[in-house]
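Chemist: My structure is below; once you've seen it, I'll send some questions.
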Amino acid sequence: MKCMSGWSRRRQATAYWMILPAVAAMLLVHYIPMLWGFYISMHDVNLFTMVDWMNAPFVGFRNFVDGFNPATTTGARALKALQNITVYSVVTISAGYVIGLAVALLLNQEFVGRTFMRGLILLPYITPDCVAFNVWKFIFQSRIGILNRYLVQWNLVTEPPIWLVGPPALWAVTIASVWKGWPFAALILLAALQKIPPELYEAARVDGANAWQQFVMITMPQLRTVSVMLILMSILWNFNAFNQFFIMLGRDPGTAAEVPSTLILREAFTNLKYGIGSALSIVLMLILLAITTVYLYVLRGTAGAEEV
């Protein structure tokens with residue numbers, strides 16, 4: 001028993017040593033920077049105090065108040081950024097889900113070349129962000145862009161619209177993001193469709209249900225769990241969106257297309273207001289944490305329902 005106990009302790013010690021690199025990486029990459037950011041958010045760290053940031057003046061929650069005060073320039077842009085990212089997320093997720101569901105239903109049918117088409121639809125999703133969004137940036141260019149070229153050629157407009165400045169910029173990025181993201185929704189929904197027992201549709205047809213009734217009464221209820229998880233994941237990703245806005249619109253996309261990630265980048269690393277930038281980051285982290293909590297709660301609820 002003593003030998004067995006000693007061997008068990010050595011095995012446990014080995015397990016702890018094995019996970020130590022991962023724990024150290026988590027501390028260095030996630031938790032220590034998080035605590036550091038919270039410390040900076042409580043101090044007035046800027047261009048003049050950043051050299052000796054450990055002794056920067058303590059301001060408490062003033063950075064949080066100033067960062068979301070509509071009377072200040074930063075506060076007004078922060079509130080507008082939250083509004084923009086909400087609109088962007090709603091449109092992107094809704095359009096991506098509808099397109100993905102339509103494609104998934106099509107690819108779930110039997111036809112020649114179905115396997116090839118299933119692989120082909122993933123091309124937008126697997127294309128690197130820097131490539132995909134630079135292509136869309138070129139498409140939306142005012143003078144040399146492909147979109148304006150055909151709009152003028154077909155006499156739909158007299159002057160080439162400016163898509164990447166002002167209010168149209170948000171919609172230009174949204175269109176590009178829908179194109180980039182819908183294949184993921186199609187892939188997830190297609191996998192869920194293939195798990196639906198064919199016997200359900202056969203019984204519905206025997207009872208006289210048409211295609212629409214089968215879709216409403218069988219397909220959508222069977223996709224409910226996967227759809228909820230897909231939408232929650234998409235909300236989490238979209239609220240944290242950065243690459244598409246930075247690549248297509250640059251470091252300062254303007255108030256009409258401002259989102260939290262680009263605002264944080266500019267306040268912290270362009271205006272060198274690290275205190276306010278950290279405060280904005282903390283608020284964004286709390287928003288994403290709330291979404292993640294809902295995601296995990298729903299995940300646990302759906303897992304329990306499936307076990308029952």
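Chemist: Exactly one condition in (1) of a type in the set (A, V, I, L, M, F, W, C); (2) out of contact with any Pro (no Cβ under 6 Å at 6 or more places or on another chain); (3) closer than 25 Å to Leu288 by Cβ; (4) assigned to a helix (DSSP H, G or I) is not met by Val45; state its number.
Modeler: Result: Val45 fails condition (4) only.
Chemist: Within the range 83-134, can you find the residues that are aliphatic (A, V, I, L, M) and surrounded by 15 or more Cβ atoms within 10 Å (Cβ to Cβ)? Please lay out each step first, then the result.
Modeler: Step one: of the range 83-134, the residues aliphatic (A, V, I, L, M) are 85, 87, 90-91, 93, 95, 98-99, 101-107, 112, 117, 120-123, 126, 131-132.
Correct list: Ile85, Val91, Ile93, Ala95, Ile99, Leu101, Val103, Ala104, Leu105, Leu107, Ile121, Ala132.
Chemist: Which of (1) modelled with pLDDT of 95 or more; (2) over 22 Å from Ser227 (Cα atoms) does Gln153 not meet, given it meets every other one?
Modeler: Failing condition for Gln153: (1).
Chemist: Give the number of residues within the range 65-113 that are polar (S, T, N, Q), assigned to a loop (DSSP other than H, G, I, E, B) and free of Cβ contacts under 8 Å to residues at least 40 places away in the same chain. Please lay out each step first, then the result.
Modeler: To start, the set of residues in the range 65-113 that are polar (S, T, N, Q) comprises 69, 72-74, 83-84, 86, 89, 92, 94, 108-109.
Narrowing the set further to residues that are assigned to a loop (DSSP other than H, G, I, E, B) leaves 69, 72, 108-109.
Cutting the leftovers down to free of Cβ contacts under 8 Å to residues at least 40 places away in the same chain gives us 69, 72, 109.
So the count comes out to 3.
Chemist: Right, another one. From (1) at pLDDT 90 or above; (2) not in a helix (DSSP H, G or I), pick out the condition that doesn't hold for Arg251.
Modeler: (1)
Chemist: Considering only residues of the range 155-191 that are touching a residue at least 40 places away in the same chain (Cβ under 8 Å) and among the small types (Gly, Ala, Ser), which is farthest from Ile85 (Cα to Cα)?
Modeler: Ala186
Chemist: Evaluate the range 197-207: report whether one residue or more is within 24 Å of Val87 (Cβ to Cβ), surrounded by 10 or more Cβ atoms within 10 Å (Cβ to Cβ) and touching a Ser or Thr at 6+ places or on another chain (Cβ under 9 Å). Break it down stepwise before answering.
Modeler: As a first pass, look at the range 197-207 and keep what is within 24 Å of Val87 (Cβ to Cβ): none.
No, there is no match, as no residue in the range 197-207 is within 24 Å of Val87 (Cβ to Cβ), surrounded by 10 or more Cβ atoms within 10 Å (Cβ to Cβ) and touching a Ser or Thr at 6+ places or on another chain (Cβ under 9 Å).
Chemist: Could you say whether any residue in the range 193-203 is part of a helix (DSSP H, G or I) and either in contact (Cβ under 8 Å) with a residue 60 or more places away in the chain or under 29 Å from Ile162 (Cβ atoms) (or both)? Don't jump to the end; show me each part of the working.
Modeler: Let us first name the residues in the range 193-203 that are part of a helix (DSSP H, G or I), namely 193, 198-203.
If we keep only those that are either in contact (Cβ under 8 Å) with a residue 60 or more places away in the chain or under 29 Å from Ile162 (Cβ atoms) (or both) too, we end up with 193.
Checked the range 193-203: at least one residue is part of a helix (DSSP H, G or I) and either in contact (Cβ under 8 Å) with a residue 60 or more places away in the chain or under 29 Å from Ile162 (Cβ atoms) (or both).
Chemist: Going residue by residue through the range 215-223, is there one that turns out to be part of a helix (DSSP H, G or I), modelled with pLDDT of 90 or more, surrounded by 16 or more Cβ atoms within 10 Å (Cβ to Cβ) and touching a Phe, Trp or Tyr at 6+ places or on another chain (Cβ under 9 Å)?
Modeler: Yes: one or more hits.
Chemist: Find all pairs meeting these conditions: Cβ atoms under 7 angstrom apart; at least six residues apart or on different chains; first residue within the range 225-238 and modelled with pLDDT of 90 or more; second residue crowded, with 17+ Cβ neighbours inside 10 Å and not in a helix (DSSP H, G or I).
Modeler: none
Chemist: I'd like the full set of residues that are in contact with a Phe, Trp or Tyr (Cβ under 9 Å, 6 or more places away or on another chain) and within 21 Å of Thr262 (Cα to Cα), limited to the range 51-77.
Modeler: If the condition is that a residue be in contact with a Phe, Trp or Tyr (Cβ under 9 Å, 6 or more places away or on another chain) and within 21 Å of Thr262 (Cα to Cα), then Thr74, Gly75 are the ones that fit.
Chemist: Do the conditions hold for Phe239, that is, is it in contact with a Pro (Cβ under 7 Å, 6 or more places away or on another chain) and surrounded by 16 or more Cβ atoms within 10 Å (Cβ to Cβ)? Steps first, answer last, please.
Modeler: Values: in contact with a Pro (Cβ under 7 Å, 6 or more places away or on another chain): no; surrounded by 16 or more Cβ atoms within 10 Å (Cβ to Cβ): yes.
Against the criterion (in contact with a Pro (Cβ under 7 Å, 6 or more places away or on another chain) and surrounded by 16 or more Cβ atoms within 10 Å (Cβ to Cβ)), Phe239 does not qualify.
Chemist: Also, quick follow-up: Hey, among the residues in the range 136-157 that are part of a helix (DSSP H, G or I) and exposed (fewer than 14 other Cβ atoms within 10 Å of the Cβ), which one's farthest from the chain's Cα centre (by Cα)?
Modeler: Our first condition is that a residue be part of a helix (DSSP H, G or I); within the range 136-157, this holds for 136-139, 146-153.
Then drop every residue that is not exposed (fewer than 14 other Cβ atoms within 10 Å of the Cβ), which leaves 138, 146, 150, 153.
Working: Phe138: 23, Ile146: 27, Tyr150: 31, Gln153: 36 Å.
The selected residue is Gln153.
Chemist: If you scan the range 244-266, which residues turn out to be out of contact with any Leu (no Cβ under 8 Å at 6 or more places or on another chain), over 18 Å from Ile287 (Cα atoms) and either without any contact (Cβ under 8 Å) to a residue 40 or more places away in the chain or surrounded by fewer than 16 Cβ atoms within 10 Å (Cβ to Cβ) (or both)?
Modeler: The answer is Gly250, Asp252, Thr255, Arg266.
The values are calculated or read from the model by the stated rules, or taken from the named source; none is laboratory data. On a predicted model such as this, the values are computed, not experimentally measured, just so you know. Counting neighbours? That spans all protein chains shown, and the Cβs are built from the backbone with ideal geometry, glycine included.
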